[in-house]
1. Working only within region 200-211, note down all residues that are free of Cβ contacts under 8 Å to residues at least 60 places away in the same chain and not in a loop (DSSP other than H, G, I, E, B).
2. What residue, of Ala97, Ala110, Ala78, Ala106, is surrounded by 19 or more Cβ atoms within 10 Å (Cβ to Cβ) and touching a helix residue (DSSP H, G or I) at 6+ places or on another chain (Cβ under 9 Å)?
3. Pairs only if they're at least six apart or on different chains, beta carbon under 7 angstrom, first in region 142-157 and touching a residue at least 60 places away in the same chain (Cβ under 8 Å), second open to solvent by 30 Å² or more (accessible area, probe 1.4 Å); list them, first residue then second.
4. For region 383-412, which positions are aliphatic (A, V, I, L, M) and either closer than 29 Å to Gln323 by Cα or open to solvent by less than 60 Å² (accessible area, probe 1.4 Å) (or both)?
5. In this structure, is Ser41 in contact with a helix residue (DSSP H, G or I) (Cβ under 7 Å, 6 or more places away or on another chain) and either more than 29 Å from Gln153 (Cα to Cα) or modelled with pLDDT of 95 or more (or both)?
6. Say whether the condition of being under 30 Å from Arg410 (Cβ atoms) and part of a loop (DSSP other than H, G, I, E, B) is met by at least one residue in region 305-323.
Amino acid sequence: MLQNAQSTLNLLEEAFPKLKILVLGDLMLDRYIFGDVNRISPEAPVPVLRHAQRMERAGGAANVTMNLAGLGVKSYLAGFWGKDTESGLLEGLVKSAGIDTTAVLATARATTSKTRIVGRNQQLIRLDIDPTEPPTDAEMRELTARAVALVPQMNAVVLSDYDKGTLTRELCEAVIRAARSAGIPVLADPKTPDLSKYSGATTVCPNLGELALATGISVNDMDALLQAGQQQVVEHGFEFMTVTMSEKGIRVLRPESSFHSAAVAREVSDVSGAGDTVIATLAAGLACKLSVEETVHLANIAAAIVVGKRGTVPIHAEELVAQLTQSTSTRAVEKMLDLERLKLRVAEWRAVGETVVFTNGCFDILHVGHITLLEQCRQFGSKLIVGMNTDASVCALKGPTRPIVGERERAQIMAALAATDAVVLFGEETPLELIRALKPDVLVKGGDYTVESVVGHEDVASWGGRVEIVPTVEGYSTTNIVKKMSS
């Protein structure tokens, strides 16, 4: 569990977009062909798939950059692709995500691709196309020069090794040496049993099967396997090893210690690309100086999100934000946002399908009428924003003796309620500018109003929203409470 969700949210919303991360490795195109199977072919005992849908996704190292781009990170891709149809599709995918490809070399070799044939959510067969020849010495020298030149500009480097010939020992050594001399973390995702080629990296991220290959110890002997992983950490000069354990979560191995981050429970649809999501999230977290423990927990959450999707699909920052802000343990101060931060939060909520509700008021001395309003507001959507008048605004509206409770205290009390997801202060006479900035799906007003008399109703209708009127609870008001106190 993340110990400080607010600091992690700050990183996602403010720090991640400032990062630059280089991903070097094997570039691939993942293709999916979906359809229905209703009969067996008369030509051979094989199912006949009736085509229904086809899609292409960036795979391998390219998928790592897509995950980084989804997290808001400026990502740079380095590797090889061909001069074929697959390379054109892959280039279009990564460039549409804003990924820099100046360190990608086009060669005469085929672009690596994987085509999965899926019928009724069951993968029937996978067709792989791989280059038949390794890169030439000249191509490797050029790739090494481009990658090493980029390293000092980066905040982290990822080596995404799918054992397709790009990440030679010489290339890994040159990049790791350049990154470590610049104080930049290096993360490696290995698909080869010899982990020594990544010596000096900050971390390597094998799954259990890959660790078993590297150590020669069966996954059935878990204690011995993880102990051997710790020995590899010492032997190759890693700061730690990050072992992905599927539904068991992630284990971090240090020379003299370890810790475990349990998996986040989610229904699994497709595990394709989950490892890419993990290493991308780890790279972004470590680049922001987030602790290893917090970074691993965040990567676990990200992996749980993507395995619930069909195909190789990258994580997006708004999905992580939505997951983190679902927690009912969020502290009140974490819900108190300024307008710019709230606009970003609203965009993230909307990206994952949340319905945003807005209401406003002075809320000076909270009472049962206020609580009733807020509870009814929650029935109109999934996220509730409360706009609250500043002290100066309350004074202008209610007179010089108000408010009784200061704006900071009023906002914190409001934010402490389970019904509210965000509280924002405004100093104008009406919340019109706030409404226009946030564009809520539902605008709620408590009291004896008509829709036409509610400030902002025309604006809300213009973007397809609606206005709801909630009757006041008779006999309850701050004015009445003040009168009782003074009598």
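1. First, the residues of region 200-211 that are free of Cβ contacts under 8 Å to residues at least 60 places away in the same chain: 200-201, 204, 206, 208-211.
Answer for region 200-211, where residues must be free of Cβ contacts under 8 Å to residues at least 60 places away in the same chain and not in a loop (DSSP other than H, G, I, E, B): Val204, Leu208, Gly209, Glu210, Leu211.
2. Ala78
3. From residues that are touching a residue at least 60 places away in the same chain (Cβ under 8 Å), the pairs are Val151/Ala182; Gln153/Lys20; Met154/Lys20; Asn155/Lys20.
4. Here is the first cut: in region 383-412, the residues aliphatic (A, V, I, L, M) are 384-386, 388, 392, 394, 396-397, 404-405, 411.
Matches in region 383-412: Leu384, Ile385, Val386, Met388, Val394, Val405, Ala411.
5. Against the criterion (in contact with a helix residue (DSSP H, G or I) (Cβ under 7 Å, 6 or more places away or on another chain) and either more than 29 Å from Gln153 (Cα to Cα) or modelled with pLDDT of 95 or more (or both)), Ser41 does not qualify.
6. There is no residue in region 305-323 that is under 30 Å from Arg410 (Cβ atoms) and part of a loop (DSSP other than H, G, I, E, B).
Yes/no matrix, rows are residues, columns are (1) part of a strand (DSSP E or B); (2) surrounded by 22 or more Cβ atoms within 10 Å (Cβ to Cβ); (3) not β-branched (Val, Ile, Thr):
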{"site": "Val157", "(1), (2), (3)": "yes, yes, no"}
{"site": "Asp163", "(1), (2), (3)": "no, no, yes"}
{"site": "Thr166", "(1), (2), (3)": "no, yes, no"}
{"site": "Arg177", "(1), (2), (3)": "no, no, yes"}
{"site": "Leu187", "(1), (2), (3)": "yes, yes, yes"}
{"site": "Leu213", "(1), (2), (3)": "no, no, yes"}
{"site": "Ile217", "(1), (2), (3)": "no, no, no"}
{"site": "Ala228", "(1), (2), (3)": "no, no, yes"}
{"site": "Gln232", "(1), (2), (3)": "no, no, yes"}
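Each row is one residue, and each column tells you yes or no for (1) without any contact (Cβ under 8 Å) to a residue 40 or more places away in the chain; (2) touching a strand residue (DSSP E or B) at 6+ places or on another chain (Cβ under 7 Å).
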residue	(1), (2)
Arg50	yes, yes
Glu56	yes, yes
Val64	no, yes
Leu77	no, yes
Thr85	yes, no
Ser96	yes, no
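The values are calculated or read from the model by the stated rules, or taken from the named source; none is laboratory data. A quick note: this is a predicted structure, and the numbers were derived from the prediction, not measured. Cβ coordinates were reconstructed from backbone atoms using ideal geometry, including for glycine residues, and neighbour counts include every protein chain displayed. In case anyone asks, the SASA skips ligands and DNA or RNA and just uses the protein heavy atoms, side chains included. Shrake-Rupley method; radii C 1.70, N 1.55, O 1.52, S 1.80 Å.
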